[in-house]
Each structure stands twice: as C-alpha cells, then as structure tokens.
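Asker: Below are the structure tokens for one structure; questions will follow.
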Amino acid sequence: MQIRDQMNGSFTDVIQFPTFIQKSHSKSLFVRERPITIRLMNGYISFILNYRMFQVMRFAVQEINNSSLILPNVSLGYEIFDHCSDTFNFQAILNMISRNGSIQVLRCVNEYVSKVIAVAGPFRSMESMTVAPLFAMNLIPMVNYGSSSSVLSDKWKYPSFLRTTASNKDLIQLIILIIQHFNWNWVAFVSSGDENSQNGLQLFKSKLKDTKICLAYAKELNEMSDHYEILQQLEDLSIEVIIVFARQSSAVAFIKSAIKHNIHSKVWIAGDSWSLNKNLPRLSGIKAIGTIIGITETVMPLPGFKDFVYLSHTQRNNRPTTCEQTPSGRTCNQACDLCSDVSPEEIIGENPSYSFATYSAIYAMAHALHNLLLCDIKGCSDNVTVYPFMLLQELKRSNFTILNRHIEFDSNGDPTCTSYAIVFWNQSGQAQKVGSYETDPAVDVPFSINNTKIHWYADQVPVARCSPECSEGFAKKKDGLHQCCFQCNVCPGMTYVNYTDNPYSCINCRKTEWSKPGSTFCTQRSVEYIPFTDPVAITLMFSTGVLLALTLAIVILFALNYDKPVVKSAGGPMCFLLLGCLSASSISVFFFFGKPTVTNCVLRYFLFLLFYTVCLGCFAVRSFQIVCIFKMATKFPKIHSWWVKHNGQWWLIAIVFVLQLLLLTTVFTASPPTPVNDMTSYRDQIILKCAMSRTVIMFLLLTIVLASLCFIFSYMGKDLPKNYNESKAITLYLLFLILTWITFCTASILYHGKYLQLFNAMSVLSSSYSILFCYFLPKCYIIIFQPQKNTQQHFQGIIQRYTQNISSK
C-alpha cells in the first residue's frame, strides 16, 4: 500500500477538530485536509490549546505510519475540519457519511461503506451530541478525546460513540471526594451554558443525595452575567468553597473578576478545562483570592513530541505562504492566519490535559484496523473490506497498553481505567500535583491527597460549613432549606443520636437500655435484686434463725412452767399459738431474697399477713381479756360470765384466722403478687421486685383494725396493777410496730431501689422481734431470775390491793 501525504497548506483557525480515518478506492489510507475557514471566536489562547491537540494527532499518525509493528505497509490518512459552527459543519459531516455524493438510508450496515470509516472528535460535548446520531446511522465509530458529558454514555442514543477521555461522572466524583476529604459541606457550583458544564452540575446535584454536602449556590455563567453580583451573593451566603466547572473562557473571565473585585480567602476548585491554565497563575492578585485546587487527567509525557513540534515548525516555515506559490492550487486548501505566529515553545507549554486522550484515540483506531486487516509482522491483508460497524466492534474489544497506560472501553464506551491528578497552584504559579485518583478497581488506594503540600491562605484547612458541627450527643434540627444548616439540641436521657443513620433525631433506647443526656449510644441496664449471697441478706436470714431459736426456747420454757402464774397471766395456751404464728410469719423473711418468682412473691406476703394477723388477733383478745378481768367483771358480770363460759377468745381468734385466710386466698387467686421488672424508678437499672395489686388494702384493713383494737384495749388498761399490767407490754409492742411500718412506708415512698426489699424484710423481722422483746422476754426474765414473783400468793396479793383501791374510790 502507498503512503500519500498531502500536507502542503497551513493549518486554519482550529477550535475543535474531528479527524476522519478515510479509506480510498485504491485501499490506501491517506491524509486529506479540507478545513472550513472562519474567524476564531475564543481567542488566541483557545487556538493554541486546540492547535496543540491537532499537532498531537499528527504526531500519533506519523508514529503509526512509521511503525513496522502496527499497520505495516498501511498509511493512515485523515481529513480535518473546524467544528466551531453547526451552520458550516453539517455540510462537511454529510459529505463524510455520503458515498459518491449521496447518502443512502435504510441500508444494512454490512452493505454500505461511507466515505470515512471512523471519526476522532469533536472536542466539546454538545458538538458530539449533535453529530453522533448522524454517524451512528451507519455505525461509524466516533472515538472522542474531549467530550466528557455522561449523556454520551447512553448507548441507545449514541451506539457508535466511544471516548478516551474521562466521563463527567468520574470528574464530579473526584470533586466530591476532595470536598469530603477536607470536611466541607457548604459549597457553590459555578458552571457555563455548554452541555458539558450543565451535565456536570446535574451529576453533582444527583451525587449529593448520598452525601452530607449542601449545594448552597449554583449559577450559570454567560456573556451577560454580572460577575460582581455573583461574587457578592457568594459573600452574602458565607460560601468559602467555589467549584468552577465551566468552559475555559468563562472560568478565566470569572476568576479575573474575582481578582478585580478584591475577593479574598476562598477555595476555588477548578474543573479540568482550566486547572492547568498557564496564564491565570501569572496574573497579579491571583494569590489574594485564596487557594486554587484543580483536577485534571494525569499528564502523560509523549516521547518525541517536542522534537516533532520543532521539526514541523521548521518545515512549515520552508513552505510557500500563498496558494499561488504552490505547484498545485488543489493542495493549498487552508488559510491559517495565526499558525505562523505560534512558536514551538507555545505549543509545548500549552495545557497538556487532553494530549494523551487525543494520542490514545488515534492509537485505538489504529489497533482496531490492525486486527481487522489481519496484520502481522509481514504486512496486512489486501483482501479485507473494512466496514465501519466492523471497526466499531473491534474498537469495543480494544485491550492494549501504550506508554504504560492500559486502554480499554467498558459497555458504555468509556475508558475503564482513568488516572486523575489533583493539583495545587503554588506560590510560584505552578500546578503542583498534590494527590491522585484512579478509577481502576484494582488499585488499593484509589484516592489520596498529601495535605502537607497544600499551603492554605490561612495556614490551615479552611472551614466551609453552614453550621458548626454539633457536639457529641446533640441532634441536629434543620434550620432552613439545607440539611447542612441546623441547630444543635442535646438528646435527653434515655435517648441517643446516631450520626451515621440519622443525625437529626434522638432515638429512644430500648427498654433494657439507658443513656445519659447527650449520648451517642445506649448502655445495657443492670438487673438488680438481692441475692442470697448478699451480706445484708445473710445477716437478716441469720437473725431470723436466731428469732426461731428464741421462739423455740420460749416455748420450752413456758411448757415447763405451764402451771405458773406468769405463763397463765401471759395467756396460757394462747401463748403457744402466738409463738407458733410468730415463727410461721418470720419464715417469710427467707422469701425476700433471690430472683423473684411467683412462688416466693406469694409466700413472702401470704405467710406474714396470715400468721401475723393471727398474732394481732391474739393480742387484741388478750387486751380485751385483761380489761374484762379488771373492769368489766365488776361492771358487766353477765357479759364476762358469757365470755368465760363459751371460750369467746378462741372463737374470736378462729374468726380472725378464717376471715384473713379467705381474704388472702381470694385476692391472691384473682391477682397474686407477681415478679415485675421496674424500669421507671432508675434509668440505669432494672429492679426485679414483686408487685402487689391495689386490692392489698382489703387484707391490710383487717390487720389495721386488729392493731387499733389492741391499742384501744391496752390504753383502757393503763391503770391496772403495775406488776400485772400486760396492757403496758402490748402498748409498747404496738408502738414499736407502728414506728417500724411508718419507717418502711416512708422509705418506700422515697426509695425504689433493690434494697427496698431488704427494708421490707427488716420490717417483718422487727415486727416479730418487737413481740419477743416487749411481751415474752420480760416474762422469761421473771420466770428465770425472779421466781419469787412467779407464785400464786404474789399475784393474789396484787389483785387484792388493786380491788381495794378501786373499791375505796
């Protein structure tokens, strides 16, 4: 195959260029240049940027054509035109998809070969979206180097579109990672009216939904924008971080306005279009506006490109400058007024952001052609007809490495592996690399920033937040439209705030958990009850054992002295009933310890209330008997005679016992004391205790009535003989009893902890001991230590003296 080079003219006013891989009828791939000449609209700087990309394309084509490893004996050709106006460019595009001057529709793609078989470009997203459907009609592959709008990833709309540059979704993700890295959440997004910027804004808004970042302000720049008003609005909203994701010309004009209007101490995040701008860092006052952090694709040096630029410049200077000076006017098809003014240094020093994308786009098409043409080290096959759809399929399977970078496309036509650099505009005006971001999932640390390399205007990372972060344990209360603006309210006790799931509400702890005010977690409550091993419990159980032993000793002593006056005066056989019931009621103390169950809840109250009520009944009867003997016998002899004849005391005690038994059985059957978990008394404890129903007043009523009768009868016998006055002993006992239970009731009102059960057990034990000490032990003392008083004569003498005193009155 032949190599035909027809670059005899000068380059025109290029802003963006599509490069077409074209196959001639003689099956040679040749170079053809037919740009449309229009005036440059974006200025000299934009021209140099695009002119550099054009030179990179030429450099890649020359490398491939000079290589014996890829497409040997085959020359790539290209036709280039300036895509800066749809009005002028549709004619050229329609010409490219035509065949013999006409466009055939509704033809199978394997039957139609257009004028070109592949396209590189155009640069901007809107231009790509405009022309891509036309090339997709015949599945002519477009390998793009500059259009980053994520809309172009939609293969239903753009089935033949691929790109070697990054998609906006990765660029926006990197911007969000930078914001999150520095813990900022109050930012502005300044865009321009082009498709790429607007797509970036939409992606930014959509990705913010899963973050804690708030878009405080968004503005589109255009030719009519009032930069001062925009900057003033940013100041009024106290926005410290400004993302400028706009085309280079709009971004440059906006930054110049910020310098002009003395905007200070901001963080500017530059999009890839201007992050490596060479002129802005040189402006006076650029350092005063704050810190500029940019994102760009990692710059890949192109070995040999510098020499190529210098050589091209030399060759261009040696060529004729007008068409009349060329041997053939048909090859003089360009009029580039600015090309001769561009020095090699300007080209080499221009923004290299898109150089590798352009370079790799040409190589991707070359590798696909290499495979389709069945090329090997000897050459390529002459018997293969290359259809555009075949090249598209092969491009989708691209998998090669160039300059240590892997080139491969995903199902959306986007590069699978893209490397980004995070740059900081340092004090010397250079874009210093301070971090990186890799989209390759195989990379262990895809995102990193070296904070020490960034010199902030305030010597520390700026704070960019609508509201200061709440202290630990404080929930946020939204203040306004943005979630980043909030007030801080402390979470009350028994609640906590979970900053991961929902920082805007205080969550109630579970019933088995608790928390202090201002907590971020709940703690398990401790379960409290009195175990048998508790020292106080052991003491009380030992005291109960002592009481039972004393009761048994008194029973034996009274049995041995049963016929003696002291025993008879104490009640005779009633003493043994009294001591037996006292022992039975004291056993209830053992059921106040250990983990509460239905059984021990019932027994602790049933035993005490039943048998202690019998004790009170015995004392009530005994008090009544004493009054009857000394007073009623003389005043009401018939009543006294009936009482003695029919054993009224035993009937009364039996009635008390049966009545209390019925009450307890009825109430405990209907609503027995049950173990409950008290979760309201203490926030950090669960108190295990026995709960009594409100019907407890029914069987307490009988106990209270008996105690009142005891007290009344005892008071009535206050003037009885001193040595024979049982009423005084009973009165003293009742005072101890009343004092004991008043103390317990007071404690139960003021205290609700686990030791309340100890107080209850102590009250039961105290009630039992008060009977022993006030009623029985004095009699035991007389029996043991004063036997002379334990005689019939002694008691008769006391009674006679009392009777005489009563008679004399």
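The values are calculated or read from the model by the stated rules, or taken from the named source; none is laboratory data. Fair warning: this is a prediction, and the values are worked out from it, not measured in the lab. Glycine also receives a Cβ, built like all others from the backbone with ideal geometry; neighbour counts cover every protein chain displayed. Keep in mind that these areas ignore ligands, DNA and RNA; they rest on the heavy atoms of the full protein, side chains included. Shrake-Rupley method; radii C 1.70, N 1.55, O 1.52, S 1.80 Å.
Asker: Considering only residues that are open to solvent by 40 Å² or more (accessible area, probe 1.4 Å) and of a type in the set (Phe, Trp, Tyr), look in segment 485-499 and name the one that is farthest from Cys470 (Cα to Cα).
Answerer: Result: Tyr496.
Asker: Suppose the filter is touching a residue at least 60 places away in the same chain (Cβ under 8 Å), open to solvent by 20 Å² or more (accessible area, probe 1.4 Å) and not in a strand (DSSP E or B); does Lys278 pass it?
Answerer: Answer is yes for this residue.
Asker: Identify, please: which residue in segment 588-620 is among the hydroxyl-bearing types (Ser, Thr, Tyr) and in a helix (DSSP H, G or I) and is, among those, surrounded by the fewest Cβ atoms within 10 Å (Cβ to Cβ)?
Answerer: In this case the residue turns out to be Thr599.
Asker: When you scan segment 351-397, how many residues do you find that are out of contact with any Phe, Trp or Tyr (no Cβ under 6 Å at 6 or more places or on another chain), of a type in the set (S, T, N, Q) and open to solvent by less than 20 Å² (accessible area, probe 1.4 Å)?
Answerer: Residues in segment 351-397 being out of contact with any Phe, Trp or Tyr (no Cβ under 6 Å at 6 or more places or on another chain), of a type in the set (S, T, N, Q) and open to solvent by less than 20 Å² (accessible area, probe 1.4 Å): 4 in total.
Asker: Could I ask something else about it? Among residues belonging to segment 260-273 that are open to solvent by 30 Å² or more (accessible area, probe 1.4 Å) and within 22 Å of His455 (Cα to Cα), point out the one that is farthest from the chain's Cα centre (by Cα).
Answerer: Asn262
Asker: Of all residues being among the aliphatic types (A, V, I, L, M) and free of Cβ contacts under 8 Å to residues at least 12 places away in the same chain in segment 734-751, which is farthest from Phe713 (Cα to Cα)? Just the residue, please.
Answerer: Leu750
Asker: Starting from residues that are surrounded by 12 or more Cβ atoms within 10 Å (Cβ to Cβ) and over 55 Å from the mean Cα position of the chain (by Cα), keep the ones in segment 95-109 and report whichever is modelled with the lowest pLDDT.
Answerer: Going through the qualifying residues, I end up with Arg107.
Asker: Whether any residue in segment 172-185 is touching a Phe, Trp or Tyr at 6+ places or on another chain (Cβ under 9 Å), in a strand (DSSP E or B) and open to solvent by less than 30 Å² (accessible area, probe 1.4 Å) is what I want to check.
Answerer: no
Asker: Among (1) in contact with a strand residue (DSSP E or B) (Cβ under 8 Å, 6 or more places away or on another chain); (2) small (Gly, Ala, Ser); (3) assigned to a loop (DSSP other than H, G, I, E, B), which single condition is Ser284 missing?
Answerer: (1)
Asker: Could you check segment 289-305 and list, in sequence order, the residues that are surrounded by 14 or more Cβ atoms within 10 Å (Cβ to Cβ) and small (Gly, Ala, Ser)?
Answerer: Gly290, Gly294 - these are the residues of segment 289-305 that are surrounded by 14 or more Cβ atoms within 10 Å (Cβ to Cβ) and small (Gly, Ala, Ser).
Asker: Does Thr165 satisfy being modelled with pLDDT under 95, closer than 26 Å to Pro446 by Cα and surrounded by fewer than 23 Cβ atoms within 10 Å (Cβ to Cβ)?
Answerer: no
Asker: When you look at Ser436, is it of a type in the set (Ser, Thr, Tyr), within 23 Å of the chain's Cα centre (by Cα) and at pLDDT 90 or above, yes or no?
Answerer: So Ser436 fails the test.
Asker: Test of understanding: among Leu765, Leu758, Leu739, which residue is modelled with pLDDT of 90 or more and either of a type in the set (D, E, K, R) or surrounded by fewer than 14 Cβ atoms within 10 Å (Cβ to Cβ) (or both)?
Answerer: From the options Leu765, Leu758, Leu739, the qualifying one is Leu739.
Asker: Is it the case that segment 190-203 has a residue that's within 21 Å of Tyr457 (Cβ to Cβ), surrounded by fewer than 17 Cβ atoms within 10 Å (Cβ to Cβ) and either touching an Asp or Glu at 6+ places or on another chain (Cβ under 9 Å) or of a type in the set (Phe, Trp, Tyr) (or both)?
Answerer: no
Asker: Right, here's the next one. Being in contact (Cβ under 8 Å) with a residue 24 or more places away in the chain, farther than 17 Å from Leu582 by Cα and aromatic (Phe, Trp, Tyr) is the filter here; which residues of segment 752-791 pass it?
Answerer: Within segment 752-791, just Tyr755 meets the criteria.
Asker: Quick one: is Pro565 farther than 28 Å from Asp684 by Cα and either touching a residue at least 60 places away in the same chain (Cβ under 8 Å) or not assigned by the TED database to the domain that holds Val705 (or both)?
Answerer: yes
Asker: Would you point out which residue out of Ala218, Ala188 is in contact with a strand residue (DSSP E or B) (Cβ under 9 Å, 6 or more places away or on another chain), without any contact (Cβ under 8 Å) to a residue 40 or more places away in the chain, under 24 Å from Asn262 (Cβ atoms) and not acidic (Asp, Glu)?
Answerer: Ala218
Asker: Is one or more of the residues making up segment 452-473 farther than 25 Å from Leu71 by Cα, in a helix (DSSP H, G or I) and either open to solvent by 20 Å² or more (accessible area, probe 1.4 Å) or not assigned by the TED database to the domain that holds Arg58 (or both)?
Answerer: The answer is yes; a qualifying residue exists.
Asker: What residue, among those in segment 306-320 that are outside any helix (DSSP H, G or I) and surrounded by 11 or more Cβ atoms within 10 Å (Cβ to Cβ), is modelled with the lowest pLDDT?
Answerer: Filtering segment 306-320 for residues that are outside any helix (DSSP H, G or I) and surrounded by 11 or more Cβ atoms within 10 Å (Cβ to Cβ), the one modelled with the lowest pLDDT comes out as Pro320.
Asker: Pick from segment 500-528 the residues that are surrounded by fewer than 17 Cβ atoms within 10 Å (Cβ to Cβ) and among the hydroxyl-bearing types (Ser, Thr, Tyr): which of them is modelled with the lowest pLDDT?
Answerer: Thr500
Asker: Output the residue which, of all residues in segment 113-142 that are closer than 18 Å to Lys396 by Cα and of a type in the set (Gly, Ala, Ser), is modelled with the lowest pLDDT.
Answerer: Checked segment 113-142; the qualifying residue modelled with the lowest pLDDT is Gly121.
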